[in-house]
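Take a look at the structure set out below.
The values are calculated or read from the model by the stated rules, or taken from the named source; none is laboratory data. Since the structure is predicted, the reported quantities are computational estimates derived from the model, not experimental observations. FYI the Cβ positions are ideal-geometry reconstructions off the backbone, even for glycines, and counts take in every protein chain you see.
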Number of protein chains: 4
Amino acid sequence: MVNVLTSGNSILNQFISELRDSEIQKDSLRFRHNLERLGGIFAYEISKNLSYTVKEVVTPLGIANVPVLTDYPVLATILRAGLPFHQGFLDFFDKSENAFISAFRKHHKDGTFSINIEYASVTEIENKVVILCDTMLASGSSMVLAFKELVTHGIPSHTHIVAAVASVEGLEYVKKNIAKKDITIWVGAIDDEMTAQSYIVPGLGDAGDLAYGKKH
Amino acid sequence: MVNVLTSGNSILNQFISELRDSEIQKDSLRFRHNLERLGGIFAYEISKNLSYTVKEVVTPLGIANVPVLTDYPVLATILRAGLPFHQGFLDFFDKSENAFISAFRKHHKDGTFSINIEYASVTEIENKVVILCDTMLASGSSMVLAFKELVTHGIPSHTHIVAAVASVEGLEYVKKNIAKKDITIWVGAIDDEMTAQSYIVPGLGDAGDLAYGKKH
Amino acid sequence: MVNVLTSGNSILNQFISELRDSEIQKDSLRFRHNLERLGGIFAYEISKNLSYTVKEVVTPLGIANVPVLTDYPVLATILRAGLPFHQGFLDFFDKSENAFISAFRKHHKDGTFSINIEYASVTEIENKVVILCDTMLASGSSMVLAFKELVTHGIPSHTHIVAAVASVEGLEYVKKNIAKKDITIWVGAIDDEMTAQSYIVPGLGDAGDLAYGKKH
Amino acid sequence: MVNVLTSGNSILNQFISELRDSEIQKDSLRFRHNLERLGGIFAYEISKNLSYTVKEVVTPLGIANVPVLTDYPVLATILRAGLPFHQGFLDFFDKSENAFISAFRKHHKDGTFSINIEYASVTEIENKVVILCDTMLASGSSMVLAFKELVTHGIPSHTHIVAAVASVEGLEYVKKNIAKKDITIWVGAIDDEMTAQSYIVPGLGDAGDLAYGKKH
C-alpha cells in the first residue's frame, strides 16, 4: 500500500515545491529545514497507525487518563541524504532508537553505477515497528539494499518505508523486491521519469549535494 | 464546528500527556518544545483547508507543476502563554504575518478576576485567513476578547481558533460569543471541569508559568 | 561599561550582515533565525560573567566534579521585536524565568512619537541577575522605560542590557538614564546616526516588521 | 595547541555537566540538544580565527560596511556519535559543505577492538579550513583515522580538531600522530583516565548509544 501525502493539499506541498525549486535550493539551510519539516509531518501521519496505551497522568490539578505511545518506532535512515529528513522524524519521536545505513553510488567507467552498503549502525529491531526513510526513492536500489541490511539485524513487526519524492519505477522496484506483508510505503510526491543516471525527473536534483555539498 | 485532534490517536496525544504531567513539566524546555510540536501539527492540519495555486517550478532536471499556498494565514496569539504554541505555527507557516495580543488576568480582592487587553500589535488582517491560537481555552474570556480586539483591525475571511486544551464550558462560551460563520475551532483535548479560578481540570496548570516562570 | 561583540571578528558579524541586508531580509525565517543565533552567542558571552558552583555528577563510569550555573538569570525582553532575540537566549538558558514588556510607539500628528509601556508580565527579579534584551537600541527610550518598569518589580543584583544593533545616541541615553552601577551593556554593533523617526542608520530597518510583518 | 573551553566558566560547563549526568542522560532529546548547543559554542569560538572580508551591504536605510566570512569551513564529523555535535556546527555555519566518516569499533574475541573506516562521504577540502568534530576523543584512534581518511581527499589549509570531552591519553595520541602544523585542537573538558575498553573516565559513557540507542 502506498500513501501519497500530497494527494490532498497541505503545507507539505509548499515544502516540496521549495525543495524542488533550483533558486530556493541555493539556501541549504532552508533546504535542510524543509526536509526536517517534512519529516515531522510524515512522523505525525505515520503515528496515527501506531499503538497507544492509556496512562494515568497526574496534573497539577487532577488526574487525566491519556493515551501515550506504547512503543516508539525505530528510526532508520540512509546516509547522507536521509539525515535532515531523519532529523525531522527524530524531533517528533524523540525517544526513538535509531539506525544509520550508508548507501554509496559507485560510478563505473562505462557510465553505470552500483550501490554499496558500507556502514550500518543498527539498534535492536526484532519485532519492533521500524520507519526507514530516505529523501529520494529513485531506482529503489538503495532502499531495497538498506532494508535487506536492516533485516539481517532482526525482523521488524512492521516497516514504514518513506520517501519525500519517489519515481514510479522506484516504487515498482520496491514493491517487487520487498515482501508486501508488514510493509507500508509513504511518499510526498510521485514523479514519472528518471534520467539514465537514475535521477528523478523533474525531481529536485541530488538531495545529498543540496543539503551537504558536492562530493569530491 | 469543533475539530478535536485527539479524537483519533497520534503522537499529539503523547505530547499532550507530557504537557499535563506534573513531573515532566519540571523541564520547561520540554514543556515549550511540546507546545511547539503541537503548533506544527495544528498548522499542518489547518493547512489542509487553505487555498493552493499550481505553480511551475524549475528543478535542476526539469519543470514541476506543484501546488503552493495561495496566501499565508496571519498567525495571532495571546501573550504570554500562547508564545511557544505560536512558535510552532510560525515554524511551519514561515512567511506569515503575525499578531500579538496580551490578555492579563487582573485578580480582585474578592477572589474574582477580570481580563484586560493591554497590548495589541496586529498586522493587516482584512479579508485574510487568521489563525488565533492560545495554549488553554479555560473560561473562554481571553479568546473572545482577543478575537474582538482583532476584528477592530479588519474582518478576516475566515478565523481558525485553536487551543491545545479546552474546557467544555470555554468552548460553549466561545461558540455563544463569536459568530459561528467563518469560524472553525480546533482543540487538542477537551476537559470537563474548571476550578473556581477558571483553571481547567484536570488540565495542566498555568501554561504561562510552566513555560516562562511564575509571575511576580 | 559597553561590550561590543563585533570589536573582533566572528560568525556574529556574518549574522549581523545578513540581518542588515535588504535582499536577505525578504526571508523572514532567516531573519528570525539570525536573531536567535545572535541570542545564543550573547547568552554564551554573558554566561562567562555568571556564578558557578562545583557539583558532583555521577556519570555511567565514575564521578565528575563540574561547575554548574549557581542561578539562571531572568530573561527579559521587549515586545514584539525582541522576541526572536529572546528565543536565542532562552534556548541557551533553558531553565530561566522570563519577563515580557511591551513598548509601543504612539505616533502623533506632528510627526513625533511617544513610547508607552502597556503590558508587563514579570517574574520575581529581586536580587537576581537579569538580562534585558531588545533587537535595536535606537533612541534608547524603550530600553530605559522597560528597565524602569522592571525595577518596580524588584531590584536585580545585576542587569545586562543587550541590543543586536545600537546607535551612539541611544547608548548615551541609556548610560545617562540608568544608574551605571550593576549594569553592563552588550551590543553587536554601534551605528552612528538616526533618522528623524529614530530609526538607526544604516541599521537594518524595523526589526519587528521584518520578523513579524507590518503593523496595521 | 589545545584550547580548553572550560578553562574559564561559561554555560558550556552546564551543558557538559548535563551530558555527563546519568540521570539527565535518560532524556535523549536533551542529550542531543546539549551536543547541538555545544556545537554552536565551539563554532562561534573557532569562528574568531577565520578570515573575514568587508562587504558593502545595502540596508533599508543606508549602506553598511560589514565583515562577512571569506569562506565557510568544511564541517567533518565521525558517525554516528558526532552527528548531534555536527548539527550544532552546521546551524551556525549554515552555508558550509560537509564530510561524514564512519568509524566502527570492531570488538575481537580477546576483548580488544580495532577501528575501521567503512564509509567516507567527503566534499572538496583542498586548501580549505576543515573542522573535524567528534563527541568523544578517547583513545584518539577514530580521530586520527578519520583525519587520515580526510587528507586522502585533499590537503586542508588548516584543520580544527574538536571534541566535547577528551582523555589525556587521547590528546597525546592525536598530537603524536597528526602533524602539529596547521592543526588546532579544541576540547570542552579533559578527563584523566580510560577504561580497558577505551571509555573515558569519568567521561559520560557511550555518546552514540545515549544519542541514538544501543547498537545491536
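Return yes or no: is B:Ile63 surrounded by fewer than 24 Cβ atoms within 10 Å (Cβ to Cβ), in contact with a strand residue (DSSP E or B) (Cβ under 8 Å, 6 or more places away or on another chain) and β-branched (Val, Ile, Thr)? So that I can check it myself, show each step before the final result.
Working: surrounded by fewer than 24 Cβ atoms within 10 Å (Cβ to Cβ): yes; in contact with a strand residue (DSSP E or B) (Cβ under 8 Å, 6 or more places away or on another chain): yes; β-branched (Val, Ile, Thr): yes.
Here the answer is yes, as B:Ile63 does meet what is asked.
Could you list, in sequence order, all residues of region A:154-182 that are buried (at least 19 other Cβ atoms within 10 Å of the Cβ) and free of Cβ contacts under 8 Å to residues at least 40 places away in the same chain?
Passing the criteria: A:Thr159, A:Ile161, A:Ala163, A:Ala166, A:Ser167, A:Gly170, A:Val174, A:Ile178.
Filter region B:1-44 for residues that are free of Cβ contacts under 8 Å to residues at least 24 places away in the same chain and of a type in the set (Lys, Arg); which is surrounded by the fewest Cβ atoms within 10 Å (Cβ to Cβ)?
B:Lys26
Just to be sure, is D:Ser114 modelled with pLDDT under 95 and at the interface with chain A (Cβ under 9 Å from one of its Cβ atoms)?
The answer is no for D:Ser114.
Could you please give the count of residues in region A:14-59 that are among the charged types (D, E, K, R) and assigned to a helix (DSSP H, G or I)?
Residues flagged as among the charged types (D, E, K, R) and assigned to a helix (DSSP H, G or I) within region A:14-59 amount to 8.
I'd like to check something: does region B:170-179 contain any residue that is at pLDDT 95 or above and under 13 Å from the mean Cα position of the chain (by Cα)?
No: zero hits.
I need every pair where a residue in region A:89-108 that is closer than 11 Å to A:Ser121 by Cα has its Cβ under 7 Å from the Cβ of a residue that is among the basic types (Lys, Arg), sequence separation at least 6 or different chains.
A:Phe100/D:Arg80
Residues checked against (1) outside any strand (DSSP E or B); (2) within 14 Å of chain A (Cβ to nearest Cβ); (3) at positive phi; (4) not polar (S, T, N, Q):
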{"site": "B:Glu149", "(1), (2), (3), (4)": "yes, no, no, yes"}
{"site": "B:Ile155", "(1), (2), (3), (4)": "yes, no, no, yes"}
{"site": "B:Ala179", "(1), (2), (3), (4)": "yes, no, no, yes"}
{"site": "B:Trp186", "(1), (2), (3), (4)": "no, no, no, yes"}
{"site": "B:Gly208", "(1), (2), (3), (4)": "yes, yes, no, yes"}
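How about region A:188-206: which of its residues are acidic (Asp, Glu) and away from chain D (no Cβ under 14 Å)?
First, the residues of region A:188-206 that are acidic (Asp, Glu): A:191-193, A:206.
Within region A:188-206, A:Asp191, A:Asp192, A:Glu193 meet the criteria.
Of the residues in region A:109-124, how many are in contact (Cβ under 8 Å) with a residue 60 or more places away in the chain and of a type outside the set (A, V, I, L, M, F, W, C)? I'd like the intermediate steps shown before the answer.
Taking region A:109-124 first, the residues in contact (Cβ under 8 Å) with a residue 60 or more places away in the chain are A:111, A:113.
Subset that is of a type outside the set (A, V, I, L, M, F, W, C): A:111.
Residues in region A:109-124 being in contact (Cβ under 8 Å) with a residue 60 or more places away in the chain and of a type outside the set (A, V, I, L, M, F, W, C): 1 in total.
State all residues of region A:101-112 that are in contact with a Phe, Trp or Tyr (Cβ under 8 Å, 6 or more places away or on another chain) and either in a loop (DSSP other than H, G, I, E, B) or of a type in the set (Phe, Trp, Tyr) (or both); if no residue qualifies, say none. Step through it out loud before you land on a result.
Filtering region A:101-112 down to residues in contact with a Phe, Trp or Tyr (Cβ under 8 Å, 6 or more places away or on another chain) leaves A:101-102, A:104-107.
Scanning region A:101-112 gives a single hit, A:Phe104.
Could you identify the single residue in C:Ser47, C:Ser51 that is crowded, with 19+ Cβ neighbours inside 10 Å, hydroxyl-bearing (Ser, Thr, Tyr) and within 10 Å of chain D (Cβ to nearest Cβ)? Spell out the reasoning first.
Numbers: C:Ser51 fails: crowded, with 19+ Cβ neighbours inside 10 Å.
None of the other options fit; the residue is C:Ser47.
Tell me the residue from B:Ile115, B:Ile131 that is of a type in the set (A, V, I, L, M) and either within 13 Å of the chain's Cα centre (by Cα) or not in a strand (DSSP E or B) (or both), please.
B:Ile131
When D:Phe15 is evaluated against the numbered criteria (1) over 30 Å from C:Gly62 (Cα atoms); (2) more than 7 Å from chain C (Cβ to nearest Cβ), which criterion, by number, is the only one it fails?
(1)
Tally the residues that are part of a strand (DSSP E or B), facing another protein chain (nearest Cβ under 7 Å) and touching a Lys or Arg at 6+ places or on another chain (Cβ under 9 Å), restricting the search to region D:63-100.
7
Of all residues in region C:20-44, how many are touching a Gly at 6+ places or on another chain (Cβ under 9 Å) and either at the interface with chain D (Cβ under 7 Å from one of its Cβ atoms) or closer than 14 Å to C:Asp209 by Cα (or both)?
So the count comes out to 10.
Pull out all pairs, ordered by first then second residue, where Cβ-Cβ is under 9 Å, the residues are six or more apart or on different chains, the first lies in region C:47-61 and is within 13 Å of D:Asn9 (Cβ to Cβ) and in contact (Cβ under 8 Å) with a residue 24 or more places away in the chain, and the second is of a type in the set (Ser, Thr, Tyr) and part of a strand (DSSP E or B).
Matching pairs, first to second residue: C:Asn49/C:Thr184.
Taking region D:189-200 only, how many residues are out of contact with any Lys or Arg (no Cβ under 9 Å at 6 or more places or on another chain) and surrounded by 18 or more Cβ atoms within 10 Å (Cβ to Cβ)?
So the answer is 5.
Using beta carbons and a limit of 8 Å, which pairs, at least six apart or on different chains, have the first residue in region B:190-216 and over 11 Å from B:Ser167 (Cα atoms) and the second one modelled with pLDDT under 90 and among the hydrophobic types (A, V, I, L, M, F, W, C)?
B:Gln197/B:Phe113
Could you list, in sequence order, the residues of region A:118-128 that are assigned to a strand (DSSP E or B) and either under 17 Å from A:Thr184 (Cα atoms) or more than 7 Å from chain D (Cβ to nearest Cβ) (or both)?
The answer is A:Ala120, and nothing else.
Here is a check on your reading of the model: is A:Gly140 out of contact with any helix residue (DSSP H, G or I) (no Cβ under 8 Å at 6 or more places or on another chain) and either surrounded by 23 or more Cβ atoms within 10 Å (Cβ to Cβ) or more than 9 Å from every other protein chain (Cβ to nearest Cβ) (or both)?
Values: out of contact with any helix residue (DSSP H, G or I) (no Cβ under 8 Å at 6 or more places or on another chain): no; either surrounded by 23 or more Cβ atoms within 10 Å (Cβ to Cβ) or more than 9 Å from every other protein chain (Cβ to nearest Cβ) (or both): yes.
Criteria not met by A:Gly140.
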